[in-house]
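Have a look at the structure below before the remarks.
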Amino acid sequence: HDFRPDYLGLSVLHERWPKVPRIAVTATATEHTRSEIVQRLSLGGARQFVASFDRPNIQYRIEPKNEPRRQLLRLLRTEHPGEAGIVYCLSRASVEKTADFLCAEGLTALPYHAGLDAGVRSVNQSRFLREDGLIMVATIAFGMGIDKPDVRFVAHLDLPRSVEGYYQETGRAGRDGLPATAWLAYGLNDVVQQRRMIDDSEGDLAHRRRLAAHLDAMLALCETAGCRRTQMLAYFGETGSAAASQACGNCDTCLSPPQTWDGTVAAQKLLSTVVRLGRLDGPSFGAGQPIDILLGRTTPKVTSYRHDSLSTFGIGTELSEGEWRGVVRQLLASGLLAVKGDHGTLDLTDLSWEVMRGQRQVTFRRDPPKAPAAPRSRRGSGARAEG
């Protein structure tokens, strides 16, 4: 587990004061993490108490990104008008823009991230804890010590790095036991960005593999066609309880079970296009170029590099651009496709060749149709976010 250096230094407590009782308490520890806590803190003889990870009052929902701020606005206006909640973003810039956007739409939203002055952060946090119906837009810097019981929603505009982080952040909703929503918008660019961040991260190969394993588990949760709650409980090792043994009936995949389809041929077409692009001299391209090639589009990039002469040009018109982006996203999530370089260039993995040779069948989730756009506010700019 990726413990903070401060945590790793806690082993000195037992060495200096061996007779002083100690207790280790954590909210989101897998079995592997608990074993490492026992080892590093010399708690081999201690008893372990593990409560259920199930939060039945929280409805977990994950949907494809399509103008995520507008999607968020639709959620707030239709399901949580005037209610308090937290919106998590990956970057400080995204926090500021999202808070400004919500304020311009007439909502009361405040930013919170490590780049703000400590006094501003303190005021914003106090207002969130004290006032009703306030929305906090924040990075993961916000959360420790937050115990507001009536948080009715926790929304993520970017993909969390791990199931542990996702569970911990969504767990700040509905602490009064009343219904709450955990909502996440998730798209192809999230997968590309997270894969690239892992490749560029400091640390040895083992560290990057741990990060990749955390991300793989999070992607599996996003792409599952089964109950999200039972999958999340299984991740934390909770498989024997009643909640973990049956579908919950209160997540999006239970309420509206997704369709699946045999995507083997589509995957082969996409992978074949990636192979052919990789054999050509020229610049690197992201996912958009192979999709344009499959759709037979004569864009300036396609024609200038003569990609319209590739044998896969125009062979993918049975799917829309959005469906092809879903194919790329799900191939990346399942390790059947990789990302390399600064441009998010697609590359094959060892497993890709099994698909290409017809040795592996590929099944995809069918993304639901796009919801209608959220109505734009007729109100003025409204109160601006502080800070």
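A few comments on the model shown:
- Test: residue in the range 280-290 that is under 30 Å from GLN59 (Cα atoms), open to solvent by 40 Å² or more (accessible area, probe 1.4 Å) and not hydrophobic (A, V, I, L, M, F, W, C): no
- SER272 in a loop (DSSP other than H, G, I, E, B), among the hydroxyl-bearing types (Ser, Thr, Tyr) and surrounded by fewer than 21 Cβ atoms within 10 Å (Cβ to Cβ): no
- Test: ALA173 is under 30 Å from LYS340 (Cα atoms), under 20 Å from the mean Cα position of the chain (by Cα), at pLDDT 95 or above and small (Gly, Ala, Ser): no
Residue-by-condition table, conditions (1) modelled with pLDDT of 90 or more; (2) within 30 Å of HIS207 (Cβ to Cβ); (3) touching a helix residue (DSSP H, G or I) at 6+ places or on another chain (Cβ under 7 Å); (4) not hydroxyl-bearing (Ser, Thr, Tyr):
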position	(1), (2), (3), (4)
PHE3	no, yes, no, yes
ASP6	no, yes, no, yes
VAL20	yes, no, no, yes
ARG34	no, yes, no, yes
ASN57	yes, no, no, yes
TYR60	yes, yes, yes, no
GLU67	yes, no, no, yes
THR78	yes, no, no, no
GLU83	yes, no, no, yes
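- Which numbered condition LEU90 misses (of (1) open to solvent by less than 20 Å² (accessible area, probe 1.4 Å); (2) at pLDDT below 95): (1)
- Scanning the range 1-60 for residues that are open to solvent by less than 90 Å² (accessible area, probe 1.4 Å) and among the polar types (S, T, N, Q) gives SER11, THR26, THR28, THR30, THR33, SER35, SER42, SER52, ASN57, GLN59.
- Number of the condition not met by LEU159 [criteria: (1) within 21 Å of GLU79 (Cα to Cα); (2) surrounded by 18 or more Cβ atoms within 10 Å (Cβ to Cβ)]: (1)
- Put simply, of ALA46, ALA93, ALA104 the only residue that is of a type in the set (A, V, I, L, M, F, W, C) and either under 19 Å from GLY143 (Cα atoms) or within 25 Å of the chain's Cα centre (by Cα) (or both) is ALA93.
- The range 101-117, residues that are touching a residue at least 40 places away in the same chain (Cβ under 8 Å) and either open to solvent by 50 Å² or more (accessible area, probe 1.4 Å) or assigned to a loop (DSSP other than H, G, I, E, B) (or both): GLU105, GLY106, LEU107, THR108, LEU116, ASP117
- Residue match in the range 76-88 (condition: within 19 Å of LEU178 (Cα to Cα), touching a Phe, Trp or Tyr at 6+ places or on another chain (Cβ under 6 Å) and either in a loop (DSSP other than H, G, I, E, B) or of a type outside the set (Gly, Ala, Ser) (or both)): yes
- Per-region count, the range 275-291, residues assigned to a helix (DSSP H, G or I) and in contact (Cβ under 8 Å) with a residue 12 or more places away in the chain: 7
- Helices (runs of 4 or more DSSP H) fully within the range 166-265 that include at least 3 residues being in contact with a strand residue (DSSP E or B) (Cβ under 8 Å, 6 or more places away or on another chain), open to solvent by less than 40 Å² (accessible area, probe 1.4 Å) and closer than 21 Å to ILE86 by Cβ: 228-235.
The values are calculated or read from the model by the stated rules, or taken from the named source; none is laboratory data. Just so we're clear, the structure is a prediction, and the values are computed from it rather than from any experiment. We place every Cβ from the backbone using ideal geometry, glycine too, and count neighbours over all the protein chains shown. Only protein heavy atoms, including side chains, enter the accessible area calculation; ligands, DNA and RNA are left aside. Shrake-Rupley method; radii C 1.70, N 1.55, O 1.52, S 1.80 Å.
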